[in-house]
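Structure, as structure tokens:
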Amino acid sequence: MAASAAETRVFLEVRGQLQSALLILGEPKEGGMPMNISIMPSSLQMKTPEGCTEIQLPAEVRLVPSSCRGLQFVVGDGLHLRLQAQAKLGTKLISMFNQSSQAQEYCTFYCQSCGEVIIKDRKLLRVLPLPSENWGALVGEWCCHPDPFADKSLHPQENDCFIGDSFFLVNLRTSLWQQRPELSPVEMCCVSSDNHCKLEPKANTKVICKRCKVMLGETVSSETTKFYMTEIIIQSSERSFPIIPRSWFVQSVIAQCLVQLSSARSTFRFTIQGQDDKVYILLWLLNSDSLVIESLRNSKYIKKFPLLEDTLKADSSSAWSAVKVLYQPCIKSRNEKLVSSWERDISVHPLTLPSATCLELLLILSKSNANLPSSLRHMNSFQVAFLKM
């Protein structure tokens with residue numbers, strides 16, 4: 001194949017289950033020199049009169065050059081082609097909580113943003129998943145006698161940790177760390193028969209990190225606290241605090257939540273809402289078997305690939321998988337009708353996060369979308385993005 005380029009962008013999406021790949025060689029700048037492109041099983045080679053640039057693929061990915069098909073030139077993108085690919089991806093996940101290995105161990109809870117110790121040396125004897133939100137209604141259908149769990153909440157004991165869709169429930173009764181609830185600003189409450197309102201203070205249930213002031217969770221009762229998975233890192237007390245870039249951590253946790261929920265409940269549409277029940281994003285999971293490799297640099301020998309964000313350092317011998325999603329921003333009253341429709345649909349699952357984290361996630365999605373080739377950024381009325389796992 002031949003093209004004319006002074007600098008070429010390479011974008012490769014490999015689908016593990018389909019064993020196929022989409023390769024896009026970016027549209028050249030005007031006045032570029034002729035360039036010959038060679039596709040080999042383990043690399044891409046681009047030759048110009050000035051020299052040769054080679055992009056080595058991760059060891060887990062092998063292309064089948066003879067299977068190239070669908071070659072076309074798309075204005076604004078460049079050359080598109082599809083081919084078969086063999087991918088053996090061992091997804092390296094950021095551990096939200098390993099139930100089997102961390103039960104029975106002494107664990108320390110850290111604030112992910114600053115590393116502040118929230119709970120130190122807590123021995124967890126039971127790490128249990130919580131039932132789905134509608135478990136009460138299901139019990140009513142199963143039981144031929146009155147529901148024995150009616151009006152009862154599930155609260156962890158001293159050495160328990162209950163895991164929800166996007167949060168942990170722990171008992172802080174004996175913890176050395178004590179949150180200091182503040183009074184939220186007064187709010188309007190109607191308290192009289194003539195509908196007059198008077199101001200009454202309401203206790204703030206937010207749990208705030210003492211060091212960085214990030215919202216970590218909420219108090220559920222006098223002894224039970226909910227910590228959001230996007231704000232907390234739980235490590236064995238024998239290990240030190242892992243330094244993980246914030247955007248990398250957030251998208252990895254959210255991606256794992258989406259994959260687990262879609263597998264367990266056959267749910268593929270989600271509303272991302274804040275702790276105030278305000279919807280920030282509509283998410284539609286397309287697939288979870290993508291590997292995205294993107295190179296924006298034009299050097300003599302490229303070994304590293306910025307995957308979805310420039311600050312992440314990746315090794316040439318390994319690759320990170322990602323989930324592909326459609327999304328719609330819902331801030332500033334955008335897409336109100338669509339939000340109402342999704343909220344009424346029982347097949348749509350809500351995920352609750354701190355409001356600030358919802359905005360962080362929206363920025364991550366927007367950045368991912370902006371880094372895609374222009375022809376891949378939209379699907380119908382939705383925007384397309386990748387979340388790293």
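Odds and ends about this structure:
- Within the span defined as segment 176-198, every residue fails to be crowded, with 20+ Cβ neighbours inside 10 Å, out of contact with any His (no Cβ under 6 Å at 6 or more places or on another chain) and either modelled with pLDDT of 90 or more or not assigned by the TED database to the domain that holds W320 (or both).
- Scanning segment 261-273 for residues that are open to solvent by less than 10 Å² (accessible area, probe 1.4 Å) and more than 15 Å from the chain's Cα centre (by Cα) yields no hits at all.
- Test: residue in segment 352-371 that is loosely packed, with under 15 Cβ neighbours inside 10 Å and more than 29 Å from V214 (Cβ to Cβ): no
- Selection within segment 231-246 - part of a loop (DSSP other than H, G, I, E, B), touching a strand residue (DSSP E or B) at 6+ places or on another chain (Cβ under 9 Å), closer than 22 Å to C257 by Cα and touching a residue at least 24 places away in the same chain (Cβ under 8 Å): E231, I244
- Complete set of residues in segment 342-362 that are free of Cβ contacts under 8 Å to residues at least 40 places away in the same chain and in a helix (DSSP H, G or I): R344
- Flag if L71 is surrounded by fewer than 13 Cβ atoms within 10 Å (Cβ to Cβ), under 23 Å from S295 (Cα atoms) and either assigned by the TED database to the domain that holds R211 or at pLDDT 85 or above (or both): yes
- Verdict on I331 being modelled with pLDDT of 90 or more, buried (at least 16 other Cβ atoms within 10 Å of the Cβ) and of a type outside the set (D, E): no
- Of all residues in segment 247-277, those that are at pLDDT 95 or above and either part of a strand (DSSP E or B) or of a type in the set (D, E, K, R) (or both) total 5.
- Residue satisfying all of: in segment 203-240; more than 24 Å from the chain's Cα centre (by Cα) and within 17 Å of E158 (Cβ to Cβ); most open to solvent (accessible area, probe 1.4 Å) among these: S222
- For segment 83-139, filtered to residues that are within 30 Å of L25 (Cα to Cα) and either touching a helix residue (DSSP H, G or I) at 6+ places or on another chain (Cβ under 8 Å) or among the aromatic types (F, W, Y) (or both), the residue that is modelled with the lowest pLDDT is L93.
The values are calculated or read from the model by the stated rules, or taken from the named source; none is laboratory data. If you're wondering where the values come from, they're calculated on a predicted model, not measured in any experiment. Glycine also receives a Cβ, built like all others from the backbone with ideal geometry; neighbour counts cover every protein chain displayed. These area figures cover heavy atoms from the full protein model, side chains too; ligands, DNA and RNA do not enter into them. Shrake-Rupley method; radii C 1.70, N 1.55, O 1.52, S 1.80 Å.
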